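Worksheet: one structure, shown below.
The values are calculated or read from the model by the stated rules, or taken from the named source; none is laboratory data. None of the values given here were measured: they were computed from a predicted structure. No Cβ is skipped: glycine too gets one built from the backbone with ideal geometry, and neighbour counts run over all protein chains shown.
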Amino acid sequence: MTKLKLFLSGAVIAALAGTVLWAQPLANRNLSGNEVIVAAQGGPGGPSIFIPSSQLRGGSNPVTTASTTGTLSPALTNTTGLLVSTAASTSLNVQLPPTPWDGQAFVWVNGSAGAFTAGTVATTDGSTIVGSTAAGTLAAGASIQYVYVLATNSWYKAR
């Protein structure tokens, strides 16, 4: 009888431990882009920097907006590489991220059912935009993309 009790208590403990282990996620799949990772430079004891997760994964943290007019500030666009407009822009001005890194991409998607009648992109940090700054009459489901090149301090319209 004691062996049976011992066996059953062991089975209960194993089942509880298995449930606890099974319920714990191994990784967070919902990064906001604001999390940071500490990266050491020069080995142990050397200086370190904080790297935002948005830079590690290409800055693709999607953000949606229903704004159709006005200006979207860099505070919004600095943590994302993908802006989805859920309402057709009539005169929306989107400010590109103010402290971009080399090769950073920014995509503005028309996620609405209608075409944009007007929309523009701008910078606030002294960088230049090469190519058109107008989203113009961007069709429903279409997108425009800008890529930053550090050597020229410029955003290039890729599509």
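One residue stands out among those in the stretch 91-115 that are part of a loop (DSSP other than H, G, I, E, B) and touching a Ser or Thr at 6+ places or on another chain (Cβ under 8 Å): the one that is farthest from V130 (Cα to Cα), which is S112. L96 fails exactly one of the following numbered conditions: (1) in contact with an Asp or Glu (Cβ under 8 Å, 6 or more places away or on another chain); (2) at pLDDT 85 or above. What is the number of that condition? Evaluating L96 over (1) in contact with an Asp or Glu (Cβ under 8 Å, 6 or more places away or on another chain); (2) at pLDDT 85 or above leaves (1) as the failure.
Answer yes if at least one residue in the stretch 17-33 is in contact with a Ser or Thr (Cβ under 6 Å, 6 or more places away or on another chain), surrounded by 12 or more Cβ atoms within 10 Å (Cβ to Cβ) and either closer than 21 Å to T133 by Cα or at pLDDT below 80 (or both), and no otherwise. Checked against the condition, which is being in contact with a Ser or Thr (Cβ under 6 Å, 6 or more places away or on another chain), surrounded by 12 or more Cβ atoms within 10 Å (Cβ to Cβ) and either closer than 21 Å to T133 by Cα or at pLDDT below 80 (or both), the stretch 17-33 yields at least one hit. Out of V130, V109, one residue alone is within 25 Å of T152 (Cβ to Cβ) and among the aliphatic types (A, V, I, L, M). It is V130. Take W155 and decide whether it is modelled with pLDDT of 90 or more, of a type in the set (F, W, Y) and on the phi < 0 side of the Ramachandran plot. Yes: the conditions hold for W155. For the stretch 128-154, the set of residues classified as surrounded by fewer than 17 Cβ atoms within 10 Å (Cβ to Cβ), among the small types (G, A, S), touching a residue at least 24 places away in the same chain (Cβ under 8 Å) and part of a loop (DSSP other than H, G, I, E, B) consists of G131, S132, A139, A140, G141, A142, listed by residue number.
The set of residues in the stretch 40-87 that are modelled with pLDDT of 70 or more and within 12 Å of F106 (Cα to Cα) comprises P62, V63, T80, G81, L82, L83, V84. Among the residues of the stretch 85-95, those that are surrounded by fewer than 23 Cβ atoms within 10 Å (Cβ to Cβ) and of a type outside the set (G, A, S) comprise T86, T90, N93, Q95.
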